[in-house]
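Remarks on the structure that follows.
The values are calculated or read from the model by the stated rules, or taken from the named source; none is laboratory data. Computed from a predicted model, the values in this text were never measured in an experiment. Note that we place each Cβ from the backbone using ideal geometry, even for glycine, and neighbour counts take in every protein chain shown.
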């Protein structure tokens with residue numbers, strides 16, 4: 001018995017050494033890329049047989065998923081083996097805590113304010129010069145990123161350095177309200193103060209996130225100024241709007257605290273992910289949501305025979321995006337790794353792969369495709385309507401121009417106009433590609449400074465804690 | 001002899017390692033954060049901040065009220081059940097006990113989700129009664145933890161004591177209040193500690209029944225997710241002190257009770 005035990009131990013010891021040996025010899029020519037992304041935020045393949053996106057030049061389907069395809073593509077293109085260690089996170093704060101607690105990643109995909117926070121803390125590795133060279137065929141990101149989005153990136157800077165040097169966009173969208181059109185009118189849903197409406201008391205949910213709630217609160221607080229024509233027509237409208245909705249001075253924050261306390265008493269709940277299901281089952285009739293989740297919710301509801309709509313409030317909407325950035329403590333001085341990380345960004349930015357991701361997760365890629373028309377064709381494939389069919393059904397079609405996203409110019413050439421059913425003006429298409437007037441009133445919420453951040457967090461704690469004075473009111 | 005003693009001592013090593021790594025070290029870290037400020041200097045400002053804000057004190061009271069109510073309802077519901085199970089004339093009381101603690105075998109999020117749907121059917125809209133729903137779901141969640149220790153204490157109770165009281169002319173109610181309840185105090189105390197303390201911090205239940213008001217547990221979570229380790233640790237310390245007080249008080253009860261029994 002004892003002998004057997006010893007031999008067993010020996011075998012396991014030997015095999016450990018053997019495997020360790022394998023690992024060592026492989027490490028020299030295999031690049032290990034540690035990627036951390038949001039949960040369910042990339043095409044994982046395994047599409048059904050009938051799931052084929054038939055576009056003019058190509059038909060897209062997916063079997064193996066983007067990550068595995070990247071490993072093969074990298075080997076074919078650069079002749080080196082790369083292994084992606086793919087992991088996911090649930091919130092920006094969770095990712096940040098993981099990193100500061102000692103987890104190392106090479107490439108992560110947080111939201112805009114977290115990118116800014118990481119930038120300000122000198123955690124990010126800048127892209128190489130080569131990454132921005134449009135003449136390189138494989139540089140799908142710089143060639144394909146929407147001129148509108150790259151404009152937004154260029155406008156943002158931390159400590160005098162442009163965000164675009166450190167981060168490449170992935171998905172983007174707006175913050176709005178999903179509503180049930182049978183109960184709530186489009187007009188009502190187009191204002192943030194719907195959250196305070198007594199008519200729908202206890203039938204609306206709001207995100208359990210200090211930043212999303214704050215945005216709604218500060219938009220309500222500044223309603224009178226924002227909606228004033230003198231303000232909207234001023235030359236510095238967008239700049240002023242951005243400053244106003246990003247202000248964390250004491251007066252604004254106190255006012256938002258008061259508004260959010262009333263919202264807390266009025267809404268059904270602060271939710272993290274129950275909102276989508278509660279909309280479909282009809283427990284709630286409106287729900288503050290990000291546009292990508294809205295698309296998903298609307299799709300789900302359609303399957304259950306319930307029609308829901310999406311509105312981006314008239315006052316302002318929060319323009320958010322998630323972007324890829326490389327971490328200094330992961331990449332280090334490893335040039336091969338950096339190359340692989342940049343290649344990963346380029347690979348997910350290939351129009352075909354951008355379409356796969358969009359189809360799979362419902363969010364909107366920042367990629368417009370540049371010379372390549374695939375992305376627009378996909379949007380048209382999703383939402384475009386056939387005139388004859390519509391005429392037979394007695395439906396009217398509307399033109400839906402989204403030139404701003406594809407060309408970056410105000411001009412509407414007709415090349416980027418989708419002919420679609422009228423209902424799409426308040427539905428998936430509107431959530432996925434907002435109209436020009438929505439993006440005109442959209443504001444990026446920057447990362448607040450330390451003082452502002454503390455004030456906002458304290459405000460949030462005050463809103464959520466039990467208010468003793470409510471006992472004798 | 002000596003050898004077996006030392007090898008017995010070895011058996012404690014795995015847990016000792018566990019204890020140091022996952023209980024003592026984290027505790028040291030929590031204490032460090034609680035008594036320092038952002039610049040790493042020793043400071044009591046976090047404590048002062050907690051006691052100065054009516055909002056955080058409000059949340060402390062709110063958690064205590066939830067915990068007291070949950071414990072009280074569990075006790076009132078659990079005691080008769082435990083008594084019947086322990087003293088009733090059942091052929092197989094073990095099997096019956098199983099039925100009562102069966103909910104413990106089912107994942108608790110699943111149970112609360114089911115309870116949520118039932119309450120929705122009953123109330124129409126959960127959001128109108130967040131406090132009531134919280135108590136109902138907390139009780140549902142923690143009731144088995146009350147029944148088990150009560151059942152154990154009551155099965156250990158010597159029937160001859162009851163018979164003696166009856167022989168001396170005590171009525172049934174007198175027997176219950178003067179004999180059974182005092183003798184089951186250790187069970188009551190351990191039931192209370194098992195229900196009171198977790199129900200003060202179990203914010204998952206509140207989240208699931210859409211109660212938007214924070215309790216102590218959610219407050220810790222919210223501080224930690226905004227990287228405020230200091231204030232989060234302060235709340236943990238405050239909870240720890242409360243737990244310590246409750247345990248000390250309940251130990252005193254059980255001790256004096258056991259001594260009392262010995263004297264009889």
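Okay, here's what the table says:
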read-out: Residue A:355 being in contact with a helix residue (DSSP H, G or I) (Cβ under 6 Å, 6 or more places away or on another chain), surrounded by 24 or more Cβ atoms within 10 Å (Cβ to Cβ), assigned to a helix (DSSP H, G or I) and not assigned by TED's automatic domain parsing to the domain that holds residue A:190; value: yes
read-out: One residue from A:222, A:287, A:266 being over 21 Å from residue B:209 (Cβ atoms), in contact with a helix residue (DSSP H, G or I) (Cβ under 9 Å, 6 or more places away or on another chain) and touching a residue at least 12 places away in the same chain (Cβ under 8 Å); value: A:222
read-out: Among (1) modelled with pLDDT under 95; (2) touching a strand residue (DSSP E or B) at 6+ places or on another chain (Cβ under 7 Å) - the single one residue A:85 does not satisfy; value: (1)
read-out: Among the residues listed as B:214, B:210, B:227, the single one being within 30 Å of residue B:37 (Cβ to Cβ), within 14 Å of chain A (Cβ to nearest Cβ), touching a residue at least 60 places away in the same chain (Cβ under 8 Å) and not in a helix (DSSP H, G or I); value: B:214
read-out: Residue A:116 buried (at least 21 other Cβ atoms within 10 Å of the Cβ) and assigned by TED's automatic domain parsing to the domain that holds residue A:92; value: yes
read-out: Positions within the range A:450-470 being under 29 Å from the mean Cα position of the chain (by Cα), touching a residue at least 24 places away in the same chain (Cβ under 8 Å) and either within 11 Å of chain B (Cβ to nearest Cβ) or surrounded by fewer than 19 Cβ atoms within 10 Å (Cβ to Cβ) (or both), in sequence order; value: A:451, A:452, A:453, A:456, A:457, A:459, A:460, A:462, A:463, A:464
read-out: So residue A:259, is it crowded, with 18+ Cβ neighbours inside 10 Å and at negative phi; value: yes
read-out: Count - residues of the range B:34-75 that are in a loop (DSSP other than H, G, I, E, B) and under 28 Å from the mean Cα position of the chain (by Cα); value: 2
read-out: Filter result for the condition that a residue is loosely packed, with under 12 Cβ neighbours inside 10 Å, part of a helix (DSSP H, G or I) and outside the structural domain of residue A:446 (by TED's automatic domain parsing), over A:93, A:76; value: A:76
read-out: Conditions (1) surrounded by fewer than 23 Cβ atoms within 10 Å (Cβ to Cβ); (2) touching a residue at least 60 places away in the same chain (Cβ under 8 Å); (3) away from chain A (no Cβ under 11 Å): number failed by residue B:205; value: (1)
read-out: Selection from the range B:48-73 of residues that are away from chain A (no Cβ under 13 Å) and buried (at least 22 other Cβ atoms within 10 Å of the Cβ); value: B:67, B:70, B:71
read-out: Of residues in the range B:114-136 being within 14 Å of chain A (Cβ to nearest Cβ), touching a helix residue (DSSP H, G or I) at 6+ places or on another chain (Cβ under 7 Å) and in a helix (DSSP H, G or I), the one modelled with the lowest pLDDT; value: B:126
read-out: Per-region count, the range A:403-421, residues in contact with a strand residue (DSSP E or B) (Cβ under 7 Å, 6 or more places away or on another chain) and under 25 Å from residue A:148 (Cα atoms); value: 6
read-out: Helices (runs of 4 or more DSSP H) lying entirely in the range A:230-286 (those with 3 or more residues that are more than 13 Å from chain B (Cβ to nearest Cβ) and either modelled with pLDDT of 95 or more or within 25 Å of residue A:152 (Cα to Cα) (or both)); value: A:237-245, A:250-266
read-out: Filter result (part of a strand (DSSP E or B) and either within 12 Å of chain B (Cβ to nearest Cβ) or surrounded by fewer than 16 Cβ atoms within 10 Å (Cβ to Cβ) (or both)) within the range A:79-90; value: A:81, A:83, A:85, A:87, A:88
read-out: Residue count for the range A:393-439, restricted to those that are on the phi > 0 side of the Ramachandran plot and in contact with a helix residue (DSSP H, G or I) (Cβ under 6 Å, 6 or more places away or on another chain); value: 1
read-out: When residues of the range A:330-343 are limited to those that are farther than 17 Å from residue A:37 by Cα and out of contact with any strand residue (DSSP E or B) (no Cβ under 7 Å at 6 or more places or on another chain), the one modelled with the highest pLDDT; value: A:339
